[in-house]
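The values are calculated or read from the model by the stated rules, or taken from the named source; none is laboratory data. Since the model is a prediction, treat every value here as computed from it, not as a measurement. Here Cβ is always computed from backbone atoms with ideal geometry, including for glycine, and neighbour counts include all displayed protein chains.
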Amino acid sequence: MGDTVLSLGVVGVYLLLLAAIGWWSYRHSGQDPVSYFLAGRGLGSLALTLTTLATLLSAFTFLGVPADAYTHGLGIFLGVGVTTALISGLFFWVGYRVWLAARHFGFITPSEFFGHRFNSPLLALLYCLSALTFTAPYISIQIIGGARTLAAVLGEGIPYWPLAVVVALVILGYVLFGGSQAVVWTDVVQGIILVLGMGVAFVAVALSLPPETAGQLDPWLSLPGPQGRWSWQTLLGNQLLFFMATPLFPQFFQRFYMAKSARPFQTLMVVWPLLILLVFFPAALIGVWGRLAFPNLQQPDQIMPLMLQSLPSGVAAVVITAALAALMSTADSQLLTASSLVTRDLVVTFLKRPLSLHQEELLGRGVVLGIGLVSFAIAVRPPGLIAQIATWSFQGNAMLFPVLIAGLYWKRATRAGAVAGALVSSGLTLGWLSGLLPKGWTGGWLPVIPAVVAGTAVLVVVSLLTQPDRERVAAYYENGPWAEEGIPESSVVST
Amino acid sequence: MLEQDPAAGLLRFGRLRQAWVWGIYPLLWLLTWVGVRSAQPQLLGIPAWYWGAGLAMLLLVPLNLYIVRVCWPRDG
């Protein structure tokens, strides 16, 4: 009983801190779209680094990775952890370049970049719809993870769904009132907590292991794992999936718009691999070590919360708070970005309904509520394990990767090529994920891999058969944000 | 009032300096695959390949620092 009170006390202090940040942000942030969705494009190194980290790391990291390692061994560390560290290079190649364009043209949503670069509202709509479709299930796994983590605090006997309601309400509360200011500053707190919490969990679990474990875990400590899951093809497929999906997560892409200068990208790029190592290295090991204490678990997603129950209550409370920090910091960013996609892309741009700033703000909050409810509905009856739902969702985000790279680096890419490539890549991915197309056609790869290959081929061929929009290319490459020489006249903006 | 956009003119991606350094990324990635098919040898109960993969991730820090210092567009 005393342990539960202590744990609840620590978690309660954490939730009160979030509420306080939300309230402070509500009182101090501007109400225009740039303030509400992009924190005024004013993030420095510390804020950008921690909000990007906290936004990416989620229930998948804290609960899904240990669960996958519990079942299939340490391959998940290579499949996800190593790839996530390598993504640091993309902060230079993608993030910085996107930031330059967003600052120059005033983009607020990720779709606006795609639509503007190729002068194609259809492409913007395609990105918007795919992001919305695949974000809701991803939000749902944060609610699922939160409810299961709280269950570990409170013990058996409390039904799952009221805990899911609590998690959903807390996240919705500070997103609705505080907007991106609240999300960013709670992310800063949550980022620190989740790195420290994982470290504490690692040390505490390692110290509690029995001294003699020789040989018992060997099948889980090498590839392809006890069930043969981590073949070279599966491993490479997962690495490609995460490499392509991460920069296209709408909540991640929108972080690229928030930096106040180039310096935060440089800091982010340097410290990112270390932060990722500190989180993923312990996460997979804890899952494998869990086999010693709970060898026949029916629901692997519970392994992390169960491992916490064996720790001293104060330590467990800190780690539980870290898990909640990880999943809440992702869900809040996803909700806010999804809200911006609906209000700005669907209503203002595509449906051509001009809104006042106040109307846009109100609609944004309504959308946050709506998407939160949809995600909650999915979470009430989870359709699979956290890692399974995440892999499904990530594929939906990765399918426009060729369009992103062509948009950033290939002057010869045309609107027709980008749209055709996007449609092929999306159509094949959705066809395979939904079961409409035969799985055998994927050659054993995750569906999005061959879909992206086909989409890239179509993008290149159609682009070479059509002509690019000269004015748009010039607006980006010759006298715009990506101009290679000097400071062009068109970069002079009025304030 | 008019002012210069600080973002403008920063990029010189087209004339990438020190291009060889980008080859270290795939090299480090390949190193993470070394020894993965064996749980032995182990250090502190953790297989050597796992330590090696962690070290490869850690080496990204000085690599990225070098890129930020040397390869980043001068005005950025």
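Scanning region A:259-275 turns up no residue that is within 11 Å of chain B (Cβ to nearest Cβ), under 26 Å from A:PRO382 (Cα atoms) and not aliphatic (A, V, I, L, M). Within region A:76-122, being surrounded by 22 or more Cβ atoms within 10 Å (Cβ to Cβ), under 30 Å from B:VAL34 (Cα atoms) and at the interface with chain B (Cβ under 8 Å from one of its Cβ atoms) holds for A:PHE77, A:LEU78, A:GLY81, A:VAL82, A:ALA85, A:LEU86, A:SER88, A:PHE92. A:ALA147 passes every criterion in (1) closer than 28 Å to A:LEU43 by Cβ; (2) crowded, with 20+ Cβ neighbours inside 10 Å; (3) of a type in the set (A, V, I, L, M) apart from (1). Scanning region A:458-476 for residues that are of a type outside the set (S, T, N, Q) and exposed (fewer than 14 other Cβ atoms within 10 Å of the Cβ) yields A:VAL461, A:LEU464, A:LEU465, A:ARG470, A:GLU471.
Tell me the residue from A:VAL367, A:VAL270 that is of a type outside the set (S, T, N, Q), modelled with pLDDT of 80 or more, over 26 Å from A:ALA164 (Cα atoms) and within 23 Å of the chain's Cα centre (by Cα), please.
Numbers: A:VAL367 fails: over 26 Å from A:ALA164 (Cα atoms).
A:VAL270 is the lone residue from the list that is of a type outside the set (S, T, N, Q), modelled with pLDDT of 80 or more, over 26 Å from A:ALA164 (Cα atoms) and within 23 Å of the chain's Cα centre (by Cα).
For the structure I just gave you, tell me whether A:PHE202 is assigned to a helix (DSSP H, G or I), farther than 30 Å from A:GLY106 by Cβ and of a type in the set (Phe, Trp, Tyr).
Details: assigned to a helix (DSSP H, G or I): yes; farther than 30 Å from A:GLY106 by Cβ: yes; of a type in the set (Phe, Trp, Tyr): yes.
In short, yes.
Can you say whether A:ALA293 is surrounded by fewer than 23 Cβ atoms within 10 Å (Cβ to Cβ) and either farther than 21 Å from B:LEU28 by Cβ or at pLDDT below 95 (or both), as far as the supplied structure shows? Against the criterion (surrounded by fewer than 23 Cβ atoms within 10 Å (Cβ to Cβ) and either farther than 21 Å from B:LEU28 by Cβ or at pLDDT below 95 (or both)), A:ALA293 qualifies. Whenever a residue of region A:368-393 is closer than 28 Å to A:ILE449 by Cα, its partners that are among the charged types (D, E, K, R), lying with C-beta atoms within less than 6 angstrom and at least six residues away or across chains, give the pairs A:LEU385/A:ASP301; A:ILE386/A:ASP301; A:ALA387/A:ASP68. For region A:64-171, the helices (runs of 4 or more DSSP H) that sit wholly inside it and include 1 or more residues that are touching a Cys at 6+ places or on another chain (Cβ under 6 Å) are A:110-117. The numbered conditions (1) within 13 Å of chain B (Cβ to nearest Cβ); (2) more than 18 Å from the chain's Cα centre (by Cα); (3) under 15 Å from A:GLY81 (Cβ atoms) are all true for A:MET198 except (1). The residues of region B:26-44 that are surrounded by 15 or more Cβ atoms within 10 Å (Cβ to Cβ) and either assigned to a helix (DSSP H, G or I) or facing chain A (nearest Cβ under 7 Å) (or both), listed by number, are B:LEU28, B:TRP29, B:LEU31, B:THR32, B:VAL36, B:ALA39. Quick check on A:GLY215: is it modelled with pLDDT under 85, in the same structural domain as A:ILE286 (by TED's automatic domain parsing) and surrounded by 21 or more Cβ atoms within 10 Å (Cβ to Cβ)? Judged against the criteria, A:GLY215 is not a match.
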